[in-house]
2 protein chains.
Amino acid sequence: MDTEYKFSTQVEWKGGKIGELQSDGFPKVNVATPVEFPNGVPNVWSPEHLFVAAAEVCLMTTFTGIAEASKVDLVSYKSSAEGKVERIDGKFRFTEIIISPEIVVAREKDVERAERLINKAKELCLVSNSLTADVRIDYKITLAAN
Amino acid sequence: MDTEYKFSTQVEWKGGKIGELQSDGFPKVNVATPVEFPNGVPNVWSPEHLFVAAAEVCLMTTFTGIAEASKVDLVSYKSSAEGKVERIDGKFRFTEIIISPEIVVAREKDVERAERLINKAKELCLVSNSLTADVRIDYKITLAAN
């Protein structure tokens, strides 16, 4: 792998509260201030949701990648994530993100290996390493029913 | 405004390299490792792109919101953003995000006001305040042709 990478995105204001987010060849995504804030727009992706999503998706892609490389027989993986924003010294910022993965594996021996790998994935996740917020994971790993 | 907010997202692995990102009522978004990394998937949103997008969109929503409140007559706003990832002490992380807004205003007097507001928007942006990366803006403000 290289030691330096660049990632680009583009945004265009469509008038009113709405913007359109894109990056080369990716599906376009409408964006706006979230309803939690004054003048927010419902049912549209917000900067705050994209931020939490970046950390949550990073854990998924990292974990499923190293699980495959380690031949863990993964049946399913889903997670929810919650980011907390607080006012610190007069400025709002994210102080905590909790990611809760639910992982199902096919074989008894994979339960312990999946646990090791989800902790390793958290350490490797470059998005989490780029945040001032505390990132915690609260995982549940189970064996698939036969 | 309150002093604490929470933002939630959910991810489900769809098998292979692909996950599905959602949040209550928002359009679903496919996600994967970016092509810049080994086994990346083209034309799909990645954690790294979502991360850069969060900072870029935050600047747009904050600027257009305060421009409206300040009665700046905004003709158009678009931006591009580039995030740089570097390996520091053996760990990859974002070290810099450069956001380049192109702002067009309708009235001569709004050029200077827009300049003041884009700098203020950068200070207010809660996503930028939650990153370890250095966030810089490189703006261009012009007067619309009559």
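Throughout, read-outs are computed from the coordinates displayed, never taken from laboratory work. Keep in mind that this is a model prediction, so the values were computed, not measured. Positions of Cβ are backbone-derived with ideal geometry, glycine not excepted, and every protein chain shown enters the neighbour counts.
General remarks:
- Estimated vicinal HN-Hα couplings, Hz - region B:78-89 in sequence order (Karplus 6.51, -1.76, 1.60; Gly, Pro = x): 9, 8, 10, 9, 9, x, 9, 10, 10, 8, 10, 6
- Legend: Rg and Dmax of region B:47-143, from Cα coordinates, 14.4, 51 Å.
- The simple Förster model, with R0 at 45 Å and r as the Cβ-Cβ distance, assigns A:Ser8 and A:Lys109 a FRET efficiency of 0.60.
- For chain A, built as a Gaussian network whose Cα springs stay under 10 Å, the top-fluctuating residue of A:Ile97, A:Ile66, A:Ile88: A:Ile88
- The loop-placed trypsin sites (Lys or Arg not before Pro) in region A:1-94, going by DSSP, that have at most 10 neighbouring Cβ atoms within 10 Å of their Cβ come out as A:Lys71.
- Percent breakdown of C-alpha pair distances by 10 Å bin, ordered from the shortest bin, for region A:1-45: 25, 40, 23, 11, 2
- Restricting the GluC sites (Glu not before Pro) of region B:19-68 to loop positions (DSSP other than H, G, I, E, B) with no more than 12 neighbouring Cβ atoms within 10 Å leaves nothing.
- Annotation for A:Arg107, label-to-label distances across the other copies: 7.2 nm (shortest first, one decimal, point 7 Å from Cα along Cα→Cβ).
- Highest-MSF residue in chain A out of A:Asp73, A:Asp110, A:Asp24 [GNM, Cα springs under 10 Å]: A:Asp24
- In nanometers and ordered shortest first, the copy-to-copy spacing of the B:Glu20 label point, defined 7 Å from Cα toward Cβ, is 2.5.
- Under a Gaussian network description of chain B, with springs only between Cα atoms under 10 Å, the residue in B:Asn119, B:Asn43, B:Asn129 that fluctuates furthest is B:Asn43.
- Under 5 Å, built H, 5+ apart or other chain: amide partners of A:Asp73: A:Ala106, A:Arg107
- Backbone geometry of region B:136-141 corresponds, through the Karplus equation with coefficients 6.51, -1.76 and 1.60 at θ = phi - 60°, to 3J(HN,Hα) couplings of 10, 10, 10, 9, 9, 10 Hz, x marking Gly and Pro.
- Nm distances between copies for B:Ser8, ranked from closest, using label points 7 Å along Cα→Cβ: 3.8
- Cβ-Cβ distance of A:Glu82 and B:Ala145, R₀ of 51 Å, FRET efficiency by 1/(1 + (r/R0)^6): the value works out to about 0.60.
- The P(r) of the protein assembly as shown has a tail past 29 Å containing 33 percent of all C-alpha pairs.
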